[in-house]
Amino acid sequence: MNKIYYLASCDTCRKIIKSLPKNADLVYHDIKQNPITEPELEELFQLSGSYEALFSKKAQLYKSLDLKKKSLTELDYKKYLLEHYTFLSRPVFIINHKVFIGNSPKNIHEALQALA
């Protein structure tokens, strides 16, 4: 099952979703309305190999909690990802058992190619 984890209130996510093929076979998961569960996060971890890879260091909460000054472990990243949706780097696609994390042009291009 192909899936996209996104934030409906995020302009970048909305723009990316608009660029997806109309026939894209995706399950849409708004992480604010439906917080990510531990089993879902585990699946993302298995595909990415790291909680840190899924973690957004651009999140305002990351800055306001001054997490840059702490040396976070993989378990810390997991805890924060489960505590608040803003820590997930968005969007995250799972397409044909491959994960695409974040909104870099290269990543979005690769996700769109995988959907084609």
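The values are calculated or read from the model by the stated rules, or taken from the named source; none is laboratory data. Fair warning: this is a prediction, and the values are worked out from it, not measured in the lab. FYI the Cβ positions are ideal-geometry reconstructions off the backbone, even for glycines, and counts take in every protein chain you see. In case anyone asks, the SASA skips ligands and DNA or RNA and just uses the protein heavy atoms, side chains included. Shrake-Rupley method; radii C 1.70, N 1.55, O 1.52, S 1.80 Å.
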Subject >> Matching option when the condition is open to solvent by 60 Å² or more (accessible area, probe 1.4 Å) and not in a loop (DSSP other than H, G, I, E, B), among GLN33, GLN46 >> reply: GLN46
Original post:
Is it the case that GLU40 is charged (D, E, K, R), open to solvent by 40 Å² or more (accessible area, probe 1.4 Å) and either within 12 Å of the chain's Cα centre (by Cα) or over 13 Å from TYR6 (Cα atoms) (or both)?
Top reply: no
**OP:** Considering every residue within the stretch 39-49, establish whether at least one is in contact (Cβ under 8 Å) with a residue 60 or more places away in the chain and not basic (Lys, Arg).
**Re:** no
Original post:
Which residue out of LYS63, LYS22 is assigned to a helix (DSSP H, G or I), exposed (fewer than 13 other Cβ atoms within 10 Å of the Cβ) and not hydrophobic (A, V, I, L, M, F, W, C)?
Top reply: LYS63
Original post:
Just one of the numbered conditions (1) surrounded by fewer than 11 Cβ atoms within 10 Å (Cβ to Cβ); (2) out of contact with any strand residue (DSSP E or B) (no Cβ under 8 Å at 6 or more places or on another chain); (3) not charged (D, E, K, R) is not true of VAL27; which one?
Top reply: (2)
Original post:
So LEU72 clears everything in (1) of a type in the set (A, V, I, L, M, F, W, C); (2) free of Cβ contacts under 8 Å to residues at least 40 places away in the same chain; (3) assigned to a helix (DSSP H, G or I) except one condition, right? Which one?
Top reply: (3)
Original post:
For the stretch 75-111, what are the residues that are among the hydrophobic types (A, V, I, L, M, F, W, C), open to solvent by less than 50 Å² (accessible area, probe 1.4 Å) and assigned to a helix (DSSP H, G or I)?
Top reply: LEU81, PHE87, ILE108, ALA111
Original post:
Taking the condition touching an Asp or Glu at 6+ places or on another chain (Cβ under 9 Å) and touching a residue at least 24 places away in the same chain (Cβ under 8 Å), does LEU82 pass?
Top reply: yes
**OP:** Name the residue, out of GLU38, GLU52, GLU43, that is in contact with an Asp or Glu (Cβ under 8 Å, 6 or more places away or on another chain) and of a type in the set (D, E, K, R).
**Re:** GLU52
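Matching residues to (1) at pLDDT 95 or above; (2) among the polar types (S, T, N, Q); (3) in contact with a strand residue (DSSP E or B) (Cβ under 7 Å, 6 or more places away or on another chain):
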{"site": "ASN34", "(1), (2), (3)": "yes, yes, no"}
{"site": "GLU38", "(1), (2), (3)": "yes, no, no"}
{"site": "GLU43", "(1), (2), (3)": "yes, no, no"}
{"site": "GLU52", "(1), (2), (3)": "yes, no, no"}
{"site": "LEU65", "(1), (2), (3)": "no, no, no"}
{"site": "LYS70", "(1), (2), (3)": "no, no, no"}
{"site": "GLU74", "(1), (2), (3)": "yes, no, no"}
{"site": "LYS78", "(1), (2), (3)": "yes, no, no"}
